[in-house]
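Below: the structure, in C-alpha coordinates.
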Amino acid sequence: MRRLRAQGWAVTAVARRIMRLKTLAEETGCTYYAADLTDGEQVAAMAADTLALGPVDAVVNNAGGALGVDPVAEADVEHWTQMYDRNVVTALQVTDAFLPGIREHGGDLVFVTSTAAHGTYPGGAGYAAAKHAERMIPLTLRQELVGEPVRIIEIAPGMVHTPEFSLNRLGSEAAAEKVYEGVAEPLVADDIADAIVWALSRPSHVNIDSMVIRPRAQATNTLVARQ
(Lines give C-alpha, C1' and ligand atoms only; values in the text may rest on other atoms or scores of the structure.)
Protein backbone atom coordinates (compact mmCIF):
# COMPACT_ATOMS: atom_id res chain seq x y z
CA MET A 1 0.00 0.00 0.00
CA ARG A 2 2.54 2.58 1.12
CA ARG A 3 4.99 1.58 -1.62
CA LEU A 4 2.32 1.77 -4.32
CA ARG A 5 1.17 5.17 -3.09
CA ALA A 6 4.80 6.35 -3.09
CA GLN A 7 5.01 5.39 -6.77
CA GLY A 8 1.91 7.40 -7.61
CA TRP A 9 -0.73 4.68 -7.66
CA ALA A 10 -4.27 5.57 -6.63
CA VAL A 11 -5.11 2.82 -4.15
CA THR A 12 -8.30 1.63 -2.50
CA ALA A 13 -7.62 -0.39 0.64
CA VAL A 14 -10.22 -2.97 1.64
CA ALA A 15 -10.44 -4.64 5.06
CA ARG A 16 -12.91 -5.33 7.86
CA ARG A 17 -11.64 -2.91 10.52
CA ILE A 18 -12.65 0.61 9.62
CA MET A 19 -10.53 2.38 12.24
CA ARG A 20 -7.37 0.84 10.84
CA LEU A 21 -8.47 1.80 7.35
CA LYS A 22 -9.02 5.41 8.44
CA THR A 23 -5.56 5.53 9.99
CA LEU A 24 -4.04 4.09 6.82
CA ALA A 25 -5.90 6.65 4.70
CA GLU A 26 -4.61 9.49 6.87
CA GLU A 27 -1.04 8.20 6.53
CA THR A 28 -1.04 7.47 2.80
CA GLY A 29 -3.87 9.38 1.15
CA CYS A 30 -5.49 6.19 -0.10
CA THR A 31 -9.22 5.67 -0.32
CA TYR A 32 -10.72 2.82 1.66
CA TYR A 33 -13.70 0.51 1.90
CA ALA A 34 -14.74 -1.59 4.88
CA ALA A 35 -16.02 -5.02 3.87
CA ASP A 36 -15.96 -8.69 4.80
CA LEU A 37 -14.58 -10.28 1.65
CA THR A 38 -16.04 -13.68 2.50
CA ASP A 39 -19.50 -12.11 1.99
CA GLY A 40 -20.43 -12.07 -1.70
CA GLU A 41 -22.89 -9.19 -1.36
CA GLN A 42 -20.32 -7.01 0.37
CA VAL A 43 -17.75 -7.84 -2.29
CA ALA A 44 -20.19 -6.89 -5.06
CA ALA A 45 -21.00 -3.57 -3.36
CA MET A 46 -17.32 -2.81 -2.79
CA ALA A 47 -16.45 -3.55 -6.41
CA ALA A 48 -19.30 -1.40 -7.73
CA ASP A 49 -18.29 1.56 -5.58
CA THR A 50 -14.61 1.14 -6.46
CA LEU A 51 -15.28 0.87 -10.19
CA ALA A 52 -17.44 4.00 -9.99
CA LEU A 53 -14.17 5.87 -9.32
CA GLY A 54 -12.68 4.61 -12.60
CA PRO A 55 -11.09 1.51 -14.18
CA VAL A 56 -9.00 -0.75 -11.93
CA ASP A 57 -5.54 -1.60 -13.27
CA ALA A 58 -4.46 -4.09 -10.60
CA VAL A 59 -6.03 -6.19 -7.87
CA VAL A 60 -3.93 -7.56 -5.00
CA ASN A 61 -5.60 -10.51 -3.28
CA ASN A 62 -4.04 -10.44 0.17
CA ALA A 63 -6.83 -11.65 2.46
CA GLY A 64 -6.24 -14.87 4.35
CA GLY A 65 -4.72 -16.34 7.46
CA ALA A 66 -4.17 -19.56 9.38
CA LEU A 67 -5.97 -21.04 12.38
CA GLY A 68 -4.44 -23.62 14.67
CA VAL A 69 -1.76 -26.26 14.26
CA ASP A 70 -3.87 -29.40 14.77
CA PRO A 71 -2.67 -32.65 13.20
CA VAL A 72 -5.02 -34.13 10.61
CA ALA A 73 -6.24 -36.79 13.06
CA GLU A 74 -7.45 -34.02 15.39
CA ALA A 75 -8.57 -31.53 12.75
CA ASP A 76 -10.98 -28.76 13.73
CA VAL A 77 -13.38 -28.77 10.77
CA GLU A 78 -14.63 -25.28 11.62
CA HIS A 79 -11.07 -23.96 11.43
CA TRP A 80 -10.58 -25.64 8.05
CA THR A 81 -13.82 -24.10 6.77
CA GLN A 82 -12.84 -20.64 7.97
CA MET A 83 -9.40 -20.91 6.39
CA TYR A 84 -10.93 -21.96 3.08
CA ASP A 85 -13.33 -19.03 3.20
CA ARG A 86 -10.66 -16.49 4.13
CA ASN A 87 -8.00 -17.67 1.70
CA VAL A 88 -9.88 -19.14 -1.26
CA VAL A 89 -13.41 -17.74 -1.37
CA THR A 90 -12.20 -14.17 -0.84
CA ALA A 91 -9.66 -14.44 -3.68
CA LEU A 92 -12.26 -15.97 -5.99
CA GLN A 93 -14.99 -13.43 -5.25
CA VAL A 94 -12.73 -10.38 -5.48
CA THR A 95 -11.11 -11.62 -8.68
CA ASP A 96 -14.44 -12.34 -10.34
CA ALA A 97 -15.78 -8.91 -9.34
CA PHE A 98 -12.98 -7.05 -11.14
CA LEU A 99 -12.08 -9.51 -13.90
CA PRO A 100 -14.50 -8.22 -16.59
CA GLY A 101 -12.99 -4.73 -16.55
CA ILE A 102 -9.42 -5.99 -16.39
CA ARG A 103 -10.01 -8.28 -19.36
CA GLU A 104 -11.51 -5.37 -21.28
CA HIS A 105 -8.76 -2.80 -20.80
CA GLY A 106 -5.85 -4.88 -19.48
CA GLY A 107 -4.39 -5.18 -16.01
CA ASP A 108 -2.87 -7.33 -13.31
CA LEU A 109 -4.18 -9.84 -10.78
CA VAL A 110 -1.87 -10.54 -7.84
CA PHE A 111 -2.39 -13.43 -5.45
CA VAL A 112 -0.44 -13.45 -2.18
CA THR A 113 -0.35 -17.14 -1.30
CA SER A 114 2.35 -18.75 0.86
CA THR A 115 5.13 -21.29 0.78
CA ALA A 116 2.37 -23.45 2.30
CA ALA A 117 0.83 -23.40 -1.18
CA HIS A 118 3.94 -25.20 -2.45
CA GLY A 119 4.43 -27.76 0.34
CA THR A 120 3.15 -28.78 3.75
CA TYR A 121 4.36 -29.51 7.27
CA PRO A 122 3.10 -31.25 10.43
CA GLY A 123 0.21 -29.31 11.92
CA GLY A 124 -0.24 -27.29 8.75
CA ALA A 125 -2.57 -29.40 6.63
CA GLY A 126 -5.58 -27.11 6.91
CA TYR A 127 -3.68 -23.96 6.01
CA ALA A 128 -1.66 -25.73 3.31
CA ALA A 129 -4.87 -27.15 1.82
CA ALA A 130 -6.42 -23.70 1.69
CA LYS A 131 -3.33 -22.11 0.17
CA HIS A 132 -2.94 -24.91 -2.38
CA ALA A 133 -6.57 -24.30 -3.37
CA GLU A 134 -6.01 -20.55 -3.63
CA ARG A 135 -2.95 -21.13 -5.82
CA MET A 136 -5.08 -23.08 -8.27
CA ILE A 137 -6.93 -19.85 -9.10
CA PRO A 138 -3.94 -18.05 -10.68
CA LEU A 139 -2.54 -21.27 -12.17
CA THR A 140 -5.83 -21.96 -13.92
CA LEU A 141 -6.61 -18.35 -14.82
CA ARG A 142 -3.27 -17.99 -16.58
CA GLN A 143 -4.29 -20.82 -18.92
CA GLU A 144 -7.87 -19.63 -19.36
CA LEU A 145 -6.82 -16.05 -20.20
CA VAL A 146 -3.73 -16.75 -22.28
CA GLY A 147 -3.52 -14.26 -25.15
CA GLU A 148 -5.51 -11.61 -23.26
CA PRO A 149 -3.91 -8.44 -21.82
CA VAL A 150 -3.99 -9.74 -18.25
CA ARG A 151 -1.01 -10.64 -16.07
CA ILE A 152 -1.51 -13.27 -13.36
CA ILE A 153 1.08 -13.00 -10.56
CA GLU A 154 1.61 -15.19 -7.49
CA ILE A 155 3.72 -14.02 -4.55
CA ALA A 156 4.41 -16.83 -2.05
CA PRO A 157 5.97 -15.64 1.23
CA GLY A 158 7.66 -17.88 3.75
CA MET A 159 8.31 -16.77 7.34
CA VAL A 160 7.13 -13.17 7.72
CA HIS A 161 7.15 -11.55 11.16
CA THR A 162 3.96 -9.49 11.32
CA PRO A 163 1.92 -8.37 14.35
CA GLU A 164 -1.05 -10.66 13.71
CA PHE A 165 -0.45 -13.77 11.57
CA SER A 166 0.97 -16.08 14.24
CA LEU A 167 -1.01 -14.39 17.00
CA ASN A 168 -4.30 -15.13 15.21
CA ARG A 169 -3.15 -18.66 14.46
CA LEU A 170 -1.89 -19.59 17.92
CA GLY A 171 -3.97 -17.36 20.19
CA SER A 172 -1.29 -15.88 22.47
CA GLU A 173 1.56 -13.39 22.23
CA ALA A 174 3.96 -15.84 23.86
CA ALA A 175 3.20 -18.63 21.39
CA ALA A 176 3.36 -16.22 18.46
CA GLU A 177 6.77 -14.84 19.44
CA LYS A 178 8.15 -18.36 19.86
CA VAL A 179 7.60 -18.93 16.12
CA TYR A 180 10.29 -16.33 15.36
CA GLU A 181 12.51 -17.02 18.37
CA GLY A 182 16.19 -17.11 17.47
CA VAL A 183 15.57 -16.49 13.76
CA ALA A 184 17.97 -13.93 12.36
CA GLU A 185 16.04 -11.40 10.31
CA PRO A 186 12.74 -13.02 9.39
CA LEU A 187 10.96 -11.25 6.58
CA VAL A 188 8.74 -8.28 7.38
CA ALA A 189 5.62 -7.04 5.60
CA ASP A 190 7.59 -4.40 3.68
CA ASP A 191 9.69 -7.12 2.03
CA ILE A 192 6.55 -8.62 0.53
CA ALA A 193 5.20 -5.23 -0.44
CA ASP A 194 8.48 -4.54 -2.25
CA ALA A 195 8.10 -7.78 -4.22
CA ILE A 196 4.52 -6.96 -5.19
CA VAL A 197 5.46 -3.48 -6.40
CA TRP A 198 8.44 -4.87 -8.32
CA ALA A 199 6.25 -7.44 -10.07
CA LEU A 200 3.64 -4.83 -10.96
CA SER A 201 6.26 -2.43 -12.28
CA ARG A 202 7.78 -4.85 -14.83
CA PRO A 203 7.18 -4.04 -18.51
CA SER A 204 3.69 -5.09 -19.55
CA HIS A 205 4.94 -8.08 -21.57
CA VAL A 206 6.74 -9.52 -18.51
CA ASN A 207 4.67 -11.77 -16.22
CA ILE A 208 6.10 -12.89 -12.88
CA ASP A 209 4.28 -16.22 -12.74
CA SER A 210 5.32 -17.17 -9.23
CA MET A 211 7.81 -15.74 -6.75
CA VAL A 212 8.70 -17.69 -3.58
CA ILE A 213 10.24 -15.45 -0.92
CA ARG A 214 11.88 -16.71 2.26
CA PRO A 215 14.32 -15.20 4.75
CA ARG A 216 17.86 -16.48 4.34
CA ALA A 217 17.47 -18.35 7.63
CA GLN A 218 14.62 -20.50 6.27
CA ALA A 219 15.36 -23.37 3.88
CA THR A 220 11.94 -25.08 3.89
CA ASN A 221 8.65 -24.75 5.73
CA THR A 222 10.18 -26.68 8.64
CA LEU A 223 13.96 -26.20 8.36
CA VAL A 224 14.86 -22.89 9.99
CA ALA A 225 18.20 -21.75 11.42
CA ARG A 226 17.82 -20.46 14.97
CA GLN A 227 20.56 -18.84 17.01
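In this structure, residue 135 qualifies as buried (at least 20 other Cβ atoms within 10 Å of the Cβ) and closer than 14 Å to residue 86 by Cα. Scanning segment 69-85 for residues that are part of a helix (DSSP H, G or I) and surrounded by fewer than 20 Cβ atoms within 10 Å (Cβ to Cβ) gives 72, 73, 74, 77, 78, 79, 80, 81, 82, 84, 85. Set side by side, the residues 59, 14 differ, and just one is in contact with a helix residue (DSSP H, G or I) (Cβ under 9 Å, 6 or more places away or on another chain) and open to solvent by 30 Å² or more (accessible area, probe 1.4 Å), which is 14.
Among the residues of segment 54-68, those identified as in contact with a strand residue (DSSP E or B) (Cβ under 7 Å, 6 or more places away or on another chain) and assigned to a loop (DSSP other than H, G, I, E, B) are 56, 57, 62. Checking the structure you have, find out if any residue of segment 165-181 is surrounded by 18 or more Cβ atoms within 10 Å (Cβ to Cβ), more than 13 Å from the chain's Cα centre (by Cα), farther than 30 Å from residue 54 by Cβ and polar (S, T, N, Q). The answer is yes, given that some residue of segment 165-181 is surrounded by 18 or more Cβ atoms within 10 Å (Cβ to Cβ), more than 13 Å from the chain's Cα centre (by Cα), farther than 30 Å from residue 54 by Cβ and polar (S, T, N, Q). Just one residue in the set 23, 28 is open to solvent by 40 Å² or more (accessible area, probe 1.4 Å) and of a type in the set (S, T, N, Q); that residue is 23.
Of the residues making up segment 86-98, those that are open to solvent by 20 Å² or more (accessible area, probe 1.4 Å) and touching a residue at least 24 places away in the same chain (Cβ under 8 Å) are 86, 89, 92, 93, 97. Pairing each residue of segment 124-149 that is more than 14 Å from residue 65 (Cα to Cα) with any residue that is surrounded by fewer than 22 Cβ atoms within 10 Å (Cβ to Cβ) and charged (D, E, K, R), provided the two are 6+ apart or on different chains, yields C-beta distances under 8 Å for 142/209; 145/103; 148/103; 149/103. Residue selection: residue 156 satisfies the criterion of being in contact with a helix residue (DSSP H, G or I) (Cβ under 6 Å, 6 or more places away or on another chain) and surrounded by 13 or more Cβ atoms within 10 Å (Cβ to Cβ). Filtering segment 27-42 to residues that are on the phi < 0 side of the Ramachandran plot, assigned to a loop (DSSP other than H, G, I, E, B) and not hydroxyl-bearing (Ser, Thr, Tyr) leaves 30, 35, 36, 37, 39.
The values are calculated or read from the model by the stated rules, or taken from the named source; none is laboratory data. Treat the numbers as computed from the prediction; the structure is a model and nothing was measured. Heads up, the Cβs are rebuilt from the backbone with ideal geometry, glycines too, and the neighbour counts pull from every protein chain shown. The area values use the complete protein model at the heavy-atom level, side chains included, leaving out ligands, DNA and RNA. Shrake-Rupley method; radii C 1.70, N 1.55, O 1.52, S 1.80 Å.
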